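Reading through the structure tokens given below for one structure.
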Amino acid sequence: MSAIEVHGVHRRFGTGQSAVEALRGVDLTVGEGELVAVRGRSGSGKTTLLNVIGGLDRPDSGRILVGGVNVTAMTDAEALALRRDSVAYVFQSFALIPVLTAAENVGLPLRLRHTPVVEREARVAELLEHIGLTPHARQRPGELSGGQQQRVALARALAARPRLLLADEPTGQLDSATGRDIMNLIRRIVDEDGMTVVVATHDPELLAVADRVVEIADGRLREMMDA
């Protein structure tokens, strides 16, 4: 079974002559355990595609299946449960909570799921070790470098063991060396955990480690012949 199936999806913003066709009949299939990169210029529809796949936004028409479940037919409560239990996001801006430590940020999804404290703390410790930030567990985001913050954001996304990770320009605010570290970490997550990952990016090094690259332009998607 495919992890993601996108069939004939359209998404339009605005009305009249000022309307923007963000997605125009997009079709995409992503296999389980696959790392797919979506390449495109700013405003091409990359973020919109991630948002409709993860249930943050709804298409105007078309159908999206995640793990065989029709996301487009979900109620708001069902879409919220999907994002809590099965789909995780990593944003370019990190989106960490400034007043929480690295460990507390990582553990936040588990708090929201009312995971027992002992189990939560063990999972947080495991993830911090996995991303090499155990010594920084008590530091707050403002005390961490950009690369360290993005590692924390990745660990937080993985905390609840989601089936699908959606990453929107995860290396966009990082220097090339730090971006390469994040890229390799994402690749390792796919290889070791079998997670499905869809990354919106224009970073050539991240594109190079993807299993497959698709390109979006003016809301239309096409498969690239090589990554």
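What to note about this one:
- Simple label model, 7 Å out from Cα along Cβ direction - Val118 to Asp27, nm: 5.3
- In nm, spacing of pseudo-spin labels at Ser18 and Ser2 (7 Å Cα→C-beta vector): 3.6
- Net length gained if the chain between Ser93 and Asp76 were fully extended (0.36 nm per residue, minus Cα distance): 3.6 nm
- Of the trypsin sites (Lys or Arg not before Pro) found in the stretch 54-133, the ones in coil according to DSSP and having at most 13 other Cβ atoms within 10 Å of their Cβ are Arg113.
- You can think of it this way: the chain between Ala125 and Ser145 has 5.2 nm of extra reach, that is 0.36 nm per residue less the Cα-Cα gap.
- Label zone at Asp60 (point 7 Å along Cα-to-Cβ), backbone N below 20 Å, the stretch 1-35: 6-28
- Between the alpha-carbon centres of the stretch 76-95 and the stretch 18-74 there is a gap of 14 Å.
Read-outs throughout are calculated quantities, based only on the coordinates presented, and are distinct from any laboratory measurement. A quick note: this is a predicted structure, and the numbers were derived from the prediction, not measured. Here the Cβ is made from the backbone with ideal geometry for all residues, glycine too, and neighbour counts use every protein chain on show.
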